[in-house]
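No lab work stands behind these numbers, since they all come straight from the coordinates. All values derive from a computational prediction rather than experimental measurement. Quick reminder, even Gly has a Cβ in these numbers, built from the backbone with ideal geometry, and neighbours come from all protein chains shown.
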Amino acid sequence: MSDALESLNGLIVPLAEQGLLLPNVAVAELVSFRITRDVPGAPAWFLGWTRWRDQQVPLVDPYALLGQAQDNSGRQPRTLIMNAIGDREGVHFIGMRVWSIPRSRKVLRGEISEAGAPGPYISQRVQLADEPELLMIPDLQAIESALDQAGLLRG
């Protein structure tokens, strides 16, 4: 079997309760946090729009979206720019406010196991062999759909 099928290069994004596990290919860049346009009346998990590489990018709060308690511990927020995967016209990226710097992690097939039920916006909860906390694999298509259904992708 090829190495590509045996391992995945990922990023662990620490959150207050359970971190996120993302494949490297899902993440475009980590940049300074800035909201360039607010949206009055938007859901609590939608922070507004940020400008990145001459594009308006919708910005979500993973704590509110995933039902976790906020924990910024006095740190400066950053924006994790993720590649959109839902093939929606005009949506190429989604931003996520994070309070910690993600760390790179190679995940081997034999060291990952399911660790709980999926939930809204979570495709799977997993445990890595040498990680103390459970990790969530976000359902990026569901997040894009939520943005679309709330009318937030139509600018």
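Residues in the stretch 99-124 that are among the small types (Gly, Ala, Ser), closer than 20 Å to residue 79 by Cα and loosely packed, with under 13 Cβ neighbours inside 10 Å: 1 in all. Comparison of 58, 62, 120, 77 shows that the only residue that is farther than 17 Å from residue 35 by Cα and not aliphatic (A, V, I, L, M) is 120.
To keep it simple, each residue is scored yes or no on (1) more than 21 Å from residue 48 (Cβ to Cβ); (2) in contact (Cβ under 8 Å) with a residue 24 or more places away in the chain; (3) part of a strand (DSSP E or B); (4) touching a Phe, Trp or Tyr at 6+ places or on another chain (Cβ under 9 Å).
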site: 91; (1), (2), (3), (4): no, yes, no, no
site: 105; (1), (2), (3), (4): yes, yes, yes, no
site: 110; (1), (2), (3), (4): yes, no, no, no
site: 116; (1), (2), (3), (4): yes, no, no, no
site: 142; (1), (2), (3), (4): no, no, no, yes
site: 147; (1), (2), (3), (4): no, yes, no, yes
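Evaluating residue 101 against the criteria (1) more than 23 Å from residue 36 (Cα to Cα); (2) in contact (Cβ under 8 Å) with a residue 12 or more places away in the chain; (3) part of a loop (DSSP other than H, G, I, E, B) leaves one unmet condition, (1).
Residue 82 passes all but one of (1) within 27 Å of residue 129 (Cα to Cα); (2) over 16 Å from the mean Cα position of the chain (by Cα); which number fails? Residue 82 satisfies all of (1) within 27 Å of residue 129 (Cα to Cα); (2) over 16 Å from the mean Cα position of the chain (by Cα) except (2). Scanning the stretch 96-125 for residues that are among the basic types (Lys, Arg) and over 21 Å from residue 64 (Cβ atoms) gives 103, 105, 106, 109.
Annotation note: Cβ proximity below 9 Å between a residue of the stretch 127-138 that is closer than 17 Å to residue 67 by Cα and a residue that is surrounded by 15 or more Cβ atoms within 10 Å (Cβ to Cβ) and of a type in the set (D, E, K, R) (sequence gap 6+ or interchain) occurs for 134/125; 135/125; 136/125; 137/125.
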